[in-house]
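Just below is one structure, and these are the notes that go with it.
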Protein chains: 2
Amino acid sequence: MKDDTPVRRSPVSLADCNLSRSFELVGDRWTLLILRSALYGVRRFDDFQADLDIPRTVLSNRLAGLVESGIMEKRAYREEGQRSRVEYPLTDMGRALMLPFMAMTQWGDKFLSDGVMPLTLRSRKTGERISVAYTDEQGRAVSFADIEAVIDPDARKRAARKRKPAKGG
Amino acid sequence: MKDDTPVRRSPVSLADCNLSRSFELVGDRWTLLILRSALYGVRRFDDFQADLDIPRTVLSNRLAGLVESGIMEKRAYREEGQRSRVEYPLTDMGRALMLPFMAMTQWGDKFLSDGVMPLTLRSRKTGERISVAYTDEQGRAVSFADIEAVIDPDARKRAARKRKPAKGG
DNA sequence: CCATCAGAGTCCACAAAAAGGACTCAGGAC
DNA sequence: GTCCTGAGTCCTTTTTGTGGACTCTGATGG
């Protein structure tokens, strides 16, 4: 973001930063791996457990947290002549994590993969390879070099006003 | 990715998945926060420490890991008439994390923010707001609904061949 | 009606990692 | 020589994770 100016502190406080807030919900090794499996389609307790070889206590805690955050849902399901069981499908909020996760996958593809990519995206219509990139308002890709960050120094105040609009919002 | 087929296991093993490999390097709460500060421009040990209020032992360990991964660099710097000290700038590999991190920020903006965004991106040329999105090969934005995932079942084998090309690569 | 099975957990003992604070070490400046 | 600052290390306490056994529930089957 900066090239030679010495930055001593992040310009956005941890409490106001939507990135660090995201990390509070999903920024934990097991949570990230659970979400990876979930985005691949896994939904059931024992399937997560076997897929990731995660301790059952940890899985139980993480799933509860993800449900509380609204990223997953806890729901009963019933297979043919089976009794009712529980599954953990992603909500819209959870499915929206596909974009950052694919951006991260792309990063891994580039820097960690020997050039082999087990998972790629393609267009249903044209079959073209799809990637994640910066785009402008017309939906045209923009190179990283042409981008600058904008910090809104009043974000904290405006957030406070939004939360209790009685006091002047 | 799937809508009603029951998926029992991830189609890509943890060892082959470039997403889970990425998480091995950066998928830890403190590591993610250190990288956030680094992308904001922070570089020095005590600055990271104060910015994040991170225990010094943890910071020390994490920075060593990030240097070993090639995400950060450990380098001496010298200010005007000061003695030489150490800084931790991001490498190209580290700076490339801006894309997944901005994708994650966008997710936080949408789901966690009350609509307030302290950090946004804009085009240096046109001033337009920049966002992160799926794009096709011509650099045109594509909606999520038009995308499908493609799994390469031979990725594991091809990766092995790439790593020791003497045996037939 | 009793035993069995599978999914979805909980409980407990042990190990690893994080938190917090004091301490060290190096090299200029005073 | 003494002070100061940046960049760590060391040590103790607390928290979290790990791994395995155990529980609970409701269908199935003999």
So if I take the alpha carbon set of region A:18-96, get Rg, then get Rh from the Kirkwood formula, what is the Rg over Rh ratio? 0.98
Could you give me the ³J(HN,Hα) list for region B:22-37, computed from phi with Karplus coefficients 6.51, -1.76, 1.60 and θ = phi - 60°, whole Hz, x at Gly and Pro? 4, 5, 4, 8, 10, x, 9, 3, 5, 4, 4, 5, 4, 5, 4, 4
Cross-link partners of B:K162 among aspartates and glutamates (Cα-Cα below 19 Å; sequence separation of 8 or more within a chain): A:D109, A:D114, B:D16, B:D152, B:D154
Magnitude of the Cβ-charge dipole of the protein assembly as shown, K/R +1 and D/E -1, about the Cα centre, nearest 20 debye? 360 debye
Average beta-carbon neighbours from other chains, 10 Å sphere, peptide A:36-49: 5
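Do any of A:K110/B:K74; A:K157/B:K110; A:K125/B:K125; B:K74/B:K125; A:K110/B:K110; A:K74/B:K110 go past 25 Å between their Cα atoms, and which?
Values: A:K110/B:K74 22 Å; A:K157/B:K110 19 Å; A:K125/B:K125 32 Å; B:K74/B:K125 33 Å; A:K110/B:K110 28 Å; A:K74/B:K110 22 Å.
In this structure, A:K125/B:K125; B:K74/B:K125; A:K110/B:K110 exceed 25 Å between Cα atoms.
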In a Gaussian network model over chain B where Cα atoms closer than 10 Å are linked, find which of B:M98, B:M72, B:M117 has the largest mean-square fluctuation. B:M117
Excluding ligands, DNA and RNA, what is the accessible area buried between chains A and B, summed over both sides, using a 1.4 Å probe, to the nearest 100 Å²? 9900 Å²
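Mind putting a number on the dipole of region A:18-96 about its Cα centre? Charges go on the C-beta only, +1 for Lys and Arg and -1 for Asp and Glu, and I need it in Debye to the nearest 20.
Working: 13 positive and 12 negative charges, 20 e Å.
Roughly 100 debye, rounded to the nearest 20.
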Using only Cα atoms, find the angle between the long axis of helix A:98-112 and the longest principal axis of chain A, and express it within 0 to 90 degrees, rounded to the nearest 10. 80 degrees
Which residue, B:I71, B:V132, B:P55, has the largest displacement toward the positive end of the dipole of chain B when charges sit on each Cβ (Lys, Arg +1; Asp, Glu -1)? B:I71
Taking springs between alpha-carbon atoms closer than 10 angstrom, which of B:R124, B:R156, B:R21 fluctuates most in the Gaussian network model of chain B? B:R124
GNM result for chain A, Cα springs below 10 Å: residue of A:I54, A:I151, A:I34 fluctuating most strongly: A:I151
Taking each label point as 7 Å beyond Cα in the direction of the beta carbon, state the distances from A:D53 to the same residue in the other copies, shortest first, in nm. 3.7
For the protein assembly as shown, the per residue accessible area (1.4 Å probe, Å²) is 52 Å²
Any idea of A:S123's accessible area? Nearest 10 Å², probe 1.4 Å. 10 Å²
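Could you quote the convex hull projected area for region B:86-155, Cα atoms only and averaged over all directions, in nm²?
On the way: hull surface 35.6 nm².
Across all orientations, region B:86-155 yields a mean hull projection of 8.9 nm².
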So, with +1 on the Cβ of K and R and -1 on the Cβ of D and E, and no other charges, what is the size of the charge dipole of chain A about its Cα centre, to the nearest 20 debye? 840 debye
Residue of chain A nearest the A-to-B rotation axis [by Cβ], rounded angstrom distance: A:A103, 2
Compute the helix-to-body angle for B:56-69: its Cα long axis versus the longest principal axis of chain B, expressed 0 to 90° and rounded to tens. 50 degrees
Can you compute the helix-only [θ] at 222 nm over chain A? Use -39500 (n - 2.57) per DSSP H run of at least 4 residues, normalise by all residues, nearest 500 deg cm²/dmol. -12500 deg cm²/dmol
Under 5 Å between amide hydrogens, which residues at least 5 positions from B:I147 or on another chain qualify, with H placed 1.01 Å from N in the peptide plane? A:R124
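For the protein assembly as shown, what is Rg from Cα atoms divided by 2.2 N^0.38 Å, rounded to two decimals?
Details: Rg = 21.1 Å, N = 338, 2.2 N^0.38 = 20.1 Å.
Compactness ratio reported: 1.05.
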Could you tell me what % of all Cα pairs in chain A have separations over 27 Å? 47 percent
Considering the dipole of chain A built from charges on the beta carbon (Lys and Arg +1, Asp and Glu -1) around the Cα centre, which of A:F144, A:L90, A:L119 is farthest to its positive end? A:L90
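The values are calculated or read from the model by the stated rules, or taken from the named source; none is laboratory data. This structure is a prediction, so every number in the text was calculated from the model and none was measured. FYI the Cβ positions are ideal-geometry reconstructions off the backbone, even for glycines, and counts take in every protein chain you see. Calculation scope for accessible area: heavy atoms of the full protein, side chains included, ligands and nucleic acids excluded. Shrake-Rupley method; radii C 1.70, N 1.55, O 1.52, S 1.80 Å.
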